[in-house]
């Protein structure tokens, strides 16, 4: 049986009187890349934030690597959290640090590696993310949008995570740069055996990288499955999403 890496049961998310999720269930299996889509405001990024512990749900259970995160001690939870990494939509790089220093930041916090080893590992991750080492001493403001995305990916890979969360990783990129990022993500997922939770609006990214698509709507996961199957679901939003020229091109 395929191992469940993320298992969300009965999730309820509420901000005051506004309910975002109600009795939401989702399972993500080891080694797959799952794309999370849905109308604006349906809570895609909120769901990601709850799984990684940045937001607390009103009710429900979230298990990652088989562990109920709310039931863990602070130390045990910290060990689980070191097995995943998050790449936020804007990259969230530290503007006052160089690319190399950004990639070294998780190592400083979670390891006792020497300065030389951290620097060498950071340069390795930078190359893995498709940048040259010449980018390492530069600051984020010196990089193009695509290069900043790759630098953020390098930092996410710093501690060799098993699980990678990506929030709109190709947002703001031109089609050629976005396509190269998609190819890089697919190749890294294959080589490193990553499980990837991907929030996106990008149809090309869905086709290029995702094994399954989860559609959020009506406060829950309405449909989940391979792209070709989801695209045929008789649902007004899905048909509008996949029914345009760009949608028809990827299905």
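Just one of the listed residues (176, 126) is assigned to a helix (DSSP H, G or I) and buried (at least 21 other Cβ atoms within 10 Å of the Cβ), namely 126. Of everything listed in (1) in contact (Cβ under 8 Å) with a residue 12 or more places away in the chain; (2) farther than 25 Å from residue 98 by Cα; (3) part of a helix (DSSP H, G or I), the single unmet condition for residue 147 is (2).
Would you be able to say whether some residue in segment 200-209 is assigned to a strand (DSSP E or B) and either on the phi < 0 side of the Ramachandran plot or surrounded by fewer than 22 Cβ atoms within 10 Å (Cβ to Cβ) (or both)? No - not one qualifying residue is present in segment 200-209. Hey, does segment 180-190 have a residue that's part of a loop (DSSP other than H, G, I, E, B) and over 23 Å from residue 94 (Cβ atoms)? No, segment 180-190 contains no residue that is part of a loop (DSSP other than H, G, I, E, B) and over 23 Å from residue 94 (Cβ atoms).
Looking only at residues in segment 20-41 that are outside any strand (DSSP E or B) and either under 17 Å from the mean Cα position of the chain (by Cα) or modelled with pLDDT of 95 or more (or both), which one is farthest from residue 165 (Cα to Cα)?
The residue in question is 38.
In segment 213-239, what residues are assigned to a loop (DSSP other than H, G, I, E, B), out of contact with any strand residue (DSSP E or B) (no Cβ under 8 Å at 6 or more places or on another chain) and surrounded by 17 or more Cβ atoms within 10 Å (Cβ to Cβ)? Result: 231, single match.
So in segment 150-173, with the set limited to residues that are part of a helix (DSSP H, G or I) and within 11 Å of the chain's Cα centre (by Cα), which one is surrounded by the fewest Cβ atoms within 10 Å (Cβ to Cβ)? Looking at residues that are part of a helix (DSSP H, G or I) and within 11 Å of the chain's Cα centre (by Cα), I get 156.
Restricting segment 66-91 to residues that are outside any helix (DSSP H, G or I) and more than 13 Å from the chain's Cα centre (by Cα), the residue that is surrounded by the fewest Cβ atoms within 10 Å (Cβ to Cβ) is 73. Any residue that is buried (at least 19 other Cβ atoms within 10 Å of the Cβ), in contact (Cβ under 8 Å) with a residue 24 or more places away in the chain and farther than 28 Å from residue 178 by Cβ - is there at least one of those in segment 98-112? Yes, there is a match, as at least one residue in segment 98-112 is buried (at least 19 other Cβ atoms within 10 Å of the Cβ), in contact (Cβ under 8 Å) with a residue 24 or more places away in the chain and farther than 28 Å from residue 178 by Cβ.
It is to be established whether one or more residues within segment 8-19 are at pLDDT below 90 and either assigned to a strand (DSSP E or B) or exposed (fewer than 15 other Cβ atoms within 10 Å of the Cβ) (or both). No, the conditions are met nowhere in segment 8-19. Entry remark, segment 198-236: residues being within 20 Å of the chain's Cα centre (by Cα), without any contact (Cβ under 8 Å) to a residue 24 or more places away in the chain and over 21 Å from residue 22 (Cβ atoms) number 2 in total. Screening 159, 216, 166, 192 for residues that are in contact with a helix residue (DSSP H, G or I) (Cβ under 8 Å, 6 or more places away or on another chain) and farther than 21 Å from residue 26 by Cα leaves exactly one candidate, 159. If the condition is being farther than 26 Å from residue 107 by Cβ and in a loop (DSSP other than H, G, I, E, B), then segment 51-65 contributes 55, 56, 57, 58.
In this structure, is residue 179 over 27 Å from residue 148 (Cβ atoms) and under 19 Å from the mean Cα position of the chain (by Cα)? So residue 179 fails the test. Within segment 28-55, being touching a helix residue (DSSP H, G or I) at 6+ places or on another chain (Cβ under 6 Å) and within 23 Å of residue 190 (Cα to Cα) holds for 33, 35, 36.
When segment 129-144 is filtered for residues that are surrounded by 15 or more Cβ atoms within 10 Å (Cβ to Cβ) and assigned to a loop (DSSP other than H, G, I, E, B), the ones remaining, listed by number, are 129, 130, 131, 136, 138, 139, 143.
The values are calculated or read from the model by the stated rules, or taken from the named source; none is laboratory data. Everything numeric here is computed off the predicted structure, so don't read it as measured data. Heads up, the Cβs are rebuilt from the backbone with ideal geometry, glycines too, and the neighbour counts pull from every protein chain shown.
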